[in-house]
1. Which three extents, in whole angstrom, do the alpha-carbon atoms of the stretch A:89-154 cover along their principal axes, largest first?
2. Counting partner chain Cβ atoms within 10 Å of every residue's Cβ in A:94-101, what's the average?
3. Quick check: residue separation of residue B:214 and residue B:228 times 0.36 nm, minus the Cα distance between them. What number comes out in nm?
4. Need one word for the stretch B:3-105: rounded, prolate or oblate. Basis is the Cα gyration tensor (sqrt eigenvalues a ≥ b ≥ c); a/c below 1.5 gives rounded, then a/b vs b/c decides.
5. For the residues B:378, A:88, what sequence is obtained by ranking on other C-beta atoms within 10 Å, fewest first?
6. Kindly rank A:106-116, B:56-66, B:227-237 from highest to lowest mean number of other beta carbons found within 10 Å of each residue.
7. Let me know the shape class of the stretch B:365-409, please: from the alpha-carbon gyration tensor, a ≥ b ≥ c as square roots of the eigenvalues, rounded when a/c is under 1.5, otherwise prolate if a/b is greater than b/c, or oblate.
8. Would you calculate the convex hull of the Cα atoms in the stretch B:233-314 and tell me its volume per residue in Å³?
C-alpha cells in the first residue's frame, strides 16, 4: 500500500512539472504500475525529431525493487535490445545497484541522457556498440534512418 | 541498537487508532530534504543509520525486510548502499520539530471538518476535538458510522428512519439536528420541536413560507403555483412587448388593458409581425435561390470562356481548308476583336458580342449555302442540256438507220404482200400492185402514213417508227 502512495505522488509531480522532452501518462487509468512515457529524441543526437514511446513498469515492491524500462518504439541504440521487447540497459536499474531513494523522474532523465550519449562499454547490442565506436558516421546514418522510419511524429 | 531490536520496536508502536500520517493532505509546502527517500513524505518517527541517512522507521523496516540477506546482520543503506548493522532512533530534535510543524488538513475534511493543524497535533485533534470523526454506531446491531458530534448528546443509534411531521417522508434520524431538549423527551416531541438541519430547512416541501407580494402564508411546494395566480403580484402590461411601460398589480391590470391603446392595436401588430416573419423567410429563401443561380451562371460563363478560346483556335486552322477564305478571314478578325474585348469589357457585353458574331457567322453560312445551291442547279441544268442534245443526235441517227432499213426491207415486204394479195383477193390485185409500187417509191419520206394504209396484213402501229425499226 505504501508503494501506491509514493507512485501517485511521483506521478503527480511528473505531470505537474515534466522534465525536458518527457511526457508521462498512465497506460490504464486504473493501474498505477504501468506508465506510458513519450520521450523526444535529444537535440544534437541522431534521434532528434523522433518521439519514442517507453513502457515503464513498476513492481509492487517499489521503491524497494527497480522499475523496468523498455522501448515500445524501435530504436537503433547500443544500450537497447534490438528485438520486440526493446529492453533498456540502465546501470541504475540493475537490482544490485537500485536505491529506493532514486526517483522515476531521475530514471527517465538518465534514459534520455543515454540517448544523447550511448555507453558502448555497457552495451547490450555488441554489434551496434562496435559500430558506434569504430564507424560513428554509419551508426549516425542508421540511427537517423530508424528514427525517421519508426519514431516519426504521427 | 541492532537490527533485531529495531525490528522488535514495530510491535510496540503499532496502534489501532493512529491515523495514517502519509495520506494526509499537506497544506503548506515543505523542504524536500525533510522527505523520507522511501515514501516521499515528511519524515515520520525518523531513524538514523551509521551513514547519517535518515528514514521513517516504518519505511526502514520494510527496506530491511526486503534487502537483508538471511544469514547476515547487515543490510545496505537504501540511499548509499553502505552495509549497515546499527540503527539509531535518536535524531536531532530540530529535524523532528521541522517535520511536525508542517500544516495538514484534518483527515475528516470530507465530512465537513475545516481544521488545519500542525502535523504533530493532528492525532490529538482527531482523538479529542474533531466532531466530524466517524465512529461506529453505539448500537451493536447497526453497522453504520456516525459523526462524533451527532452522538454527543444521546449515546444511541441515529440510523433509524422516522417520519417528518410535515411532509410525511422518511428521514434518517441523524439528518435532523438534535435540539437541546433533554434526552428524556419522547421521539415525537423531538421531531416537532427540533429545528431541522438539512431536511427541514431546505428539502421539506411542507415547510410554510410567506408570499412577498400578498403576505399570505402558504406551503413551500405551492409557492410556484401561487405566484402565478397571486393578485398582488406586479406584472407588466400585456402589450409590454409593443412598448407599454406600465407595470401594475395583477388585480388592476384588466382595467389598464381596457384603456391601453397598445393593447387594442396589439392584434394588428401581431398580424404584421407574422407577415414580416413570413416575408423574411421567403426573402431568405429567394436569396438562397439567387445565390444558387448566380453560382450556376458564373459556372456557365467560365465554361463558355474556355470553349470560346478553344473554338477560336480551331476555327483559325479550319478556315484554311474552306473555300471562302476571304469571308472567314473577316470572321476571324471579328473573333479576335471580340476576344480582345473580353478582358476589357464585362462578361455580359462579352456574351452579347459573342452572340452577335455567331449570328453573323450563321447568316454568312446561309448565304454561302444558297450560293452553292444555285451553282449546283446550274451545273445540273448544263449537264441536262448536253445530254438532251446527245439524245437528239442519237435519235436522229437511229431514225436514219431505221429509214435505211425500211428502205431495204420494203421490196421484200412488198413482194410478200403481193403474194398474199394474189391469194386472197385476186380482183384487187392490180390496184394493190400499183399502190405498193407507189409507196415503195415514196418510202424514203418521213411519213409512215403509208404503213397502215398497206392493209390489215401489216400489224404495225401508226406513228411508231423507232419501234418498228427495232422490231424488224
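1. Computed over the stretch A:89-154, the largest-to-smallest principal extents equal 39, 32, 14 Å.
2. Per residue, the number of nearby Cβ atoms from other chains is 5 on average.
3. Taking 0.36 nm per residue and subtracting the Cα distance, the gain is 3.8 nm.
4. Prolate, since a/c reaches 1.5 and a/b exceeds b/c.
5. If I rank by nearby Cβ atoms, fewest first, I get B:378, A:88.
6. B:56-66, A:106-116, B:227-237
7. The shape class here is prolate.
8. Each residue corresponds to 105 Å³ of Cα convex hull volume.
Bear in mind these aren't lab numbers, they're just calculated from the coordinates by the rules spelled out. Please read these numbers as outputs of a predicted model, since none were measured by experiment. Ideal geometry is used to build each Cβ from the backbone, glycine not excepted, and the neighbour counts take in all protein chains shown.
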